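All of the numbers you see were taken from the coordinates with simple rules; none came from a lab. None of the values given here were measured: they were computed from a predicted structure. As a convention, Cβ positions derive from the backbone with ideal geometry for all residues, glycine included, and neighbour counts pool all protein chains shown.
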Amino acid sequence: MKSWRRGAQDYEYIWLLDQQGKGTLANTIDERIIPYAYGDAEGRNTSWSKDAVVWEEARCEMGRELSAFAGYENSYYFAEGYSGSGFSTWLCFGNSLGVPVRTRVTYLYNGQSPTERYLTLPALSRTTLYVNSDVGPDHEFSMIVESEYPVVCERPMYFTYQAQ
């Protein structure tokens, strides 16, 4: 049953990419993990990767492409974050809507590639994210929060202050 479900989900990823005009990309990913299948085998045994990592990487790549089209229409910007010793940085979200809201947090660093975190805020909820866990220790960073619907978000930052 798990294999059937995964296959159905993989098909849906490919179908969604095709619907969004990215069918060529979907085919390229598909051909990488399934070089030839039943009709294409032409007398050969069918061939697909038996490495779970290859499949998961393909799913993540398709998911990233789909999320790029997710319609994150609401943006919030937070500057001057820090995860050094004595600093705790958080993101707090409030979703007052009766539906879950997809959200992307992009962390921007000096001299380093950005990283992203995706989360779904449950309907009628508040969610708190400990940013230090995402960015790691001793980083200066800023953040862009994008969501498909308006949400409330704030960035509390606490630090240990010791007067000399």
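Set against the labelled values (i) 43, 36, 31; (ii) 79, 36, 30; (iii) 59, 34, 23, Cα extents along the principal axes in Å computed from this structure falls on (ii).
Normalised by the residues of the chain, what does the relative contact order come to in percent, with Cα pairs under 8 Å and at least six apart? Kindly include the intermediate steps, with their values, before the conclusion.
On the way: 252 pairs, mean separation 40.9, N = 164.
For the chain, the relative contact order is 25 percent.
Could you calculate the FRET efficiency of S96 with E57 from 1/(1 + (r/R0)^6), where r is the beta carbon distance between them and R0 is 45 Å, rounded to 0.05? Can you show the working numbers first?
Working: r = 37 Å, r/R0 = 0.81.
The computed FRET efficiency comes out at 0.75.
Can you sort V54, V101 from fewest to most other Cβ atoms within 10 Å of each residue's own Cβ?
Listed from fewest to most nearby Cβ atoms, that is V54, V101.
Relative to the longest principal axis of the Cα atoms of the chain, helix 2-19 runs at roughly 80 degrees.
Placing a pseudo-label 7 Å from each Cα along the Cα-to-Cβ vector at I34 and T120 gives an inter-label distance of 2.4 nm.
Pull out the extension gain between Q9 and S113, defined as 0.36 nm times the separation in residues minus the alpha carbon to alpha carbon distance; nm, one decimal.
On the way: separation 104, 0.36 × 104 = 37.44 nm, distance 3.02 nm.
Between Q9 and S113, full extension yields an extra 34.4 nm.
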